[in-house]
Structures are given as structure tokens and as C-alpha cells.
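In what follows, a single structure is set out as C-alpha cells and then discussed.
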Amino acid sequence: MPDSSKSLRVLVVRLGAMGDILHSLPAITALRRAHPAWHIGWAVEPQWTSLLRAENASPGTEGMPLVDTLHSVPAKRWAKSPFSLQTLSEIRAARRELRAAKYNVALDLQGAVRSAWIARFAHPHKLIGEAEPREPLARFFFSQKVATRGVHVIEQSIEVTEALSGQTLPSLQPLLPCDPASAAYAARLLQPLILISPGAGWGAKRWPASRHGEVALNLTSQGYHVAINAGPAELDLAQQITAVCPSAVTLTPSLSELIAITRRASLVIAGDTGPLHLACALGRPVVGVFGPTDPARNGPYGVPSRVLRHPQSKRDHTRHAEPEAGLLTITPEAVTAAAIELLTQPKEGSL
């Protein structure tokens, strides 16, 4: 078992999408609580740093409550031009930075060759990962392989982290940064607020925006205020919603602002996408509209929730452009009913 009195230096590597990082936060929050003296660094894609640090925040403050050091690693961009001079220069700089940090141990919570390769940049004494990682070749980088039994990815991350902590870790609500300017922006929004996020990583997961519009219309008719979270590439989806429900407000927040808005939301409605997982991380009730991804593995966790998914939907991560057939069987009436049930029973536990 690790010596709690010794200040180990731990590198967490979790790249990927927004939801991937959020799914790792409960484990590292539990590690931070169990071993407050340990130095924790995190290698993350630059677009997701706001999940771990507010602008100009220092470690140990509300603006950076979880990690001591952030390493910005644009691995996705590197993969697009692996042999360019810029990429090679940045890889060398990342290797120097991680090696200089003198990490004793690294946790690969992604289970990919790319993440394991980056963890090796730090030359840790030990690299811990899953025995059956997402990409099988990644296991050859690990010096300690953990056989996980959990179904949900959050449970799997906790099990890998327990191998380092040397004790059973609870699933805790994650520590996310608080940014005063973003909090002030969110405070100006009308309450009670329902946040709808119509986007998704690919078309097969995307419930039609017009149906979100019908849900928004149903909820506004009952006195709720509806805001649409739309990224720059999702404004057409927001327009389809407001065509049905003109009173819905379209927001294009920064990630820091989205964290603050979600903190104040009474409910979040979304598919298997980052904003849904952000709501769960912040303890907000959610209605999840699922199609080709499995909610048992990636769905809401630890919060009041309702998941709608057709029983014949199969797990399929193929990037189809059109909504999956089972997803299209879910009606606006069913989503509205799930939302009202949660809104009128706010203290009920998750399902």
C-alpha cells in the first residue's frame, strides 16, 4: 500500500472528448481526498483545460481544486500531421516538460496507445492501466495491469485508481473549477432553467432538433425557462428548436460558462454527449436520450436521471450521419414526461 505520508507525484493521462475526461474526474477526486499531500498532474487536450482550471487560477483554489499541474497535450492535432516540423517540435517539448516534472507513477485512464505513449514521456517508475484496455496494444505499455469488473466507465476508472491508492475509493461528485466571471454570467439567466443540448459527436446519436423543440414548447407552457446550449457548429440545430419554441434562448457559452450555467440548471436534456456528462458531474438531474451507445457503460451516473432508449437499439460506434432507428422511436411526449417527473421529484435518487 502506498505511504500516505509520502508526497507521490502522480500523472493522470486522459485525453479524448469532454465526456471521457468527465468520466475520470470522480476517481481523481477520490484520490485527492484520500491523499491530499500527493502532487497530481493531468495531461489533457488544450480545448478541455477549463474542466480542470479556470482562467488564471492557482492550484488549491476554487478555480483549480483538483490538480496541481496541467499539461496541455494536443495529441489529436499531432495525429493529423505526425511528421510536420511543428508536431515534432511540440512532441519534444511535451516530453521535456513531462520528464522534468519527475512523476513517480502515471495512470492511463484512457486505455489507448496514444495516451499510454504520452504517459511514457514522463518516464514514471510505474504506469498503471486496465488489463483489457480500449485499445488492446496499449496494455504492452503498462507496468501494472488492473483487471476491472465495473460496467460503467466511471467504475472502471475508480478501479484503476484504487491500484495506486491502495484502498477502496468511493465514487465522489467531482471537483470542477469555479470561475467568478462565468458564475456572474450564469446568474443573469432566468430560473427555473432547463438546459437542452441537441448536439452529439455523430449523427447516429443525435435526436432530431425539431423534437427537442416540441419538448421545449411543452416545458415553457408549464412555466419553465428553456435555454439551448449550441456550439458554433450547432447553431442550425438551435434554429430548428426555436422555430418550434420561439421563447427558447440560444446560448453559445465558453466551456467555463457552460460549467456555470449547468450548475444553476434545474434539469439537463441531452443525448450521450459532453454536456450530459457535465450535468452528472455537477450533480444535476438529467434526461438522457440514447440510441447506439450503451447507457449502462456511458449513461448518467450518480444523479437523479431518466434514460430513454429503445430496447432494440444496439451498441454501435459507427459514425453514421443519420439518427439510429431506435432513437427515432423516442417521442417528445416521452421526454417531456420524464422531465416533468424529475422536476417534480427533485430529491429522488438516480435510476
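The values are calculated or read from the model by the stated rules, or taken from the named source; none is laboratory data. Keep in mind that what you see is a predicted model, and the values were worked out from it rather than measured. Note that we place each Cβ from the backbone using ideal geometry, even for glycine, and neighbour counts take in every protein chain shown.
Within the stretch 87-99, the presence of at least one residue that is under 25 Å from P177 (Cβ atoms) and either part of a loop (DSSP other than H, G, I, E, B) or in contact with a Leu (Cβ under 9 Å, 6 or more places away or on another chain) (or both) is confirmed. Put simply, of I21, I91 the only residue that is out of contact with any strand residue (DSSP E or B) (no Cβ under 6 Å at 6 or more places or on another chain), buried (at least 21 other Cβ atoms within 10 Å of the Cβ) and modelled with pLDDT of 95 or more is I21. Cβ-Cβ contacts under 7 Å between residues 6 or more apart (or on different chains), taken from a first residue in the stretch 103-131 that is surrounded by fewer than 23 Cβ atoms within 10 Å (Cβ to Cβ) to a second residue that is of a type in the set (V, I, T) and in a helix (DSSP H, G or I), are listed as I128/V160; E130/V160. Could you tell me whether any residue of the stretch 152-162 is touching a helix residue (DSSP H, G or I) at 6+ places or on another chain (Cβ under 6 Å), within 20 Å of W38 (Cα to Cα), assigned by TED's automatic domain parsing to the domain that holds H23 and not β-branched (V, I, T)? Within the stretch 152-162 (the criterion being touching a helix residue (DSSP H, G or I) at 6+ places or on another chain (Cβ under 6 Å), within 20 Å of W38 (Cα to Cα), assigned by TED's automatic domain parsing to the domain that holds H23 and not β-branched (V, I, T)), the answer is yes, since at least one residue qualifies. Among residues of the stretch 1-22 that are hydroxyl-bearing (S, T, Y), those with a Cβ under 9 angstrom from a residue that is part of a strand (DSSP E or B) and at pLDDT 95 or above, sequence gap 6+ or separate chain, pair up as S7/H39.
Please specify each residue of the stretch 51-65 satisfying the condition of being touching a strand residue (DSSP E or B) at 6+ places or on another chain (Cβ under 9 Å) and farther than 19 Å from A17 by Cα.
Result: A57, S58, P59, M64.
Which of the following residues is of a type in the set (A, V, I, L, M), outside the structural domain of L276 (by TED's automatic domain parsing) and within 18 Å of the chain's Cα centre (by Cα): L66, L98, L88? None of the other options fit; the residue is L66.
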